[in-house]
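The values are calculated or read from the model by the stated rules, or taken from the named source; none is laboratory data. Keep in mind it's a predicted model, so treat the numbers as computed, not measured. Note: ideal-geometry Cβ built from the backbone for every residue, glycine included; neighbour counts use all protein chains shown. These accessible areas exclude ligands, DNA and RNA; they are computed on the full protein's heavy atoms, side chains included. Shrake-Rupley method; radii C 1.70, N 1.55, O 1.52, S 1.80 Å.
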Amino acid sequence: MPSVNLMPEEIFIDSVSIGRKRENRIDILKYKTSDSVYVVINFYSKSNSKWKLLNKYKFEKDYLSGIDPVITDFNGDGLNDVTYVSDVAARGSNEIRRLFIYRRESHDLMLVKNSELYPNMLYNKELKCIDALLLHGGCTTVFLKLVNDSLKATASVELSDSVYVKTYDEGGREKSKVVRAAGDDEFIRYKNFNPLEEYQ
């Protein structure tokens with residue numbers, strides 16, 4: 001944890017949007033030393049009008065980006081979760097975030113362990129899942145479900161020389177089909193894979 005004299009370079013505090021409004025609070029603090037950048041996340045619940053610390057996390061961070069927190073519902077339970085920028089890739093096109101889900105049952109904040117594998121995450125209301133957009137020589141939209149503390153791919157749409165739709169069974173086995181030639185398409189984010197439907 002940070003030394004007593006080290007002041008945060010960036011501070012984000014919220015108690016009106018995260019989890020149970022005004023009953024939970026999150027502090028995200030970014031620190032920079034001569035040889036590292038890291039983030040400390042503290043999550044609190046109110047007890048007898050006082051804040052009780054429930055979760056404390058510390059992670060290394062890239063040097064280039066701010067924390068840019070986003071508080072929104074990522075699992076469709078009506079309670080807001082949080083992400084922050086932990087890194088960037090593909091020359092800034094892939095925004096990599098750590099995702100934390102507010103758990104209604106225990107009133108705490110759960111780290112989604114593999115969320116950094118899936119850049120540019122959104123909650124997909126139509127499919128009730130999370131989708132991610134991976135930009136590379138082409139692009140891939142991945143559809144993910146939350147299983148315990150991890151994201152698991154259920155399907156993807158890859159746009160490269162052709163448009164490929166892939167689905168994955170419970171064991172992770174892939175079934176792939178070519179839908180069409182890519183044509184002049186460059187980067188498309190899909191909000192459905194069956195049938196293919198693009199974000200507008």
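The table below gives the values:
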| item | result |
| --- | --- |
| Checklist (1) in contact (Cβ under 8 Å) with a residue 24 or more places away in the chain; (2) open to solvent by 60 Å² or more (accessible area, probe 1.4 Å); (3) closer than 29 Å to Asp87 by Cβ; (4) touching a strand residue (DSSP E or B) at 6+ places or on another chain (Cβ under 8 Å) applied to Lys145, failing item | (1) |
| Options Ile67, Ile41: the member that is in a strand (DSSP E or B), among the hydrophobic types (A, V, I, L, M, F, W, C) and closer than 29 Å to Lys145 by Cβ | Ile41 |
| Qualifying position, being open to solvent by less than 30 Å² (accessible area, probe 1.4 Å), in contact with a strand residue (DSSP E or B) (Cβ under 9 Å, 6 or more places away or on another chain) and at pLDDT below 95, among Ser65, Ser93 | Ser65 |
| Residue tally, condition open to solvent by 60 Å² or more (accessible area, probe 1.4 Å) and closer than 30 Å to Tyr102 by Cα, over the stretch 153-168 | 1 |
| The lone exception for Lys21 - which of (1) part of a loop (DSSP other than H, G, I, E, B); (2) under 27 Å from Lys152 (Cβ atoms); (3) open to solvent by 20 Å² or more (accessible area, probe 1.4 Å) it fails | (2) |
| Of all residues in the stretch 70-80 being out of contact with any Ser or Thr (no Cβ under 6 Å at 6 or more places or on another chain) and under 12 Å from Leu122 (Cα atoms), the one that is least open to solvent (accessible area, probe 1.4 Å) | Phe74 |
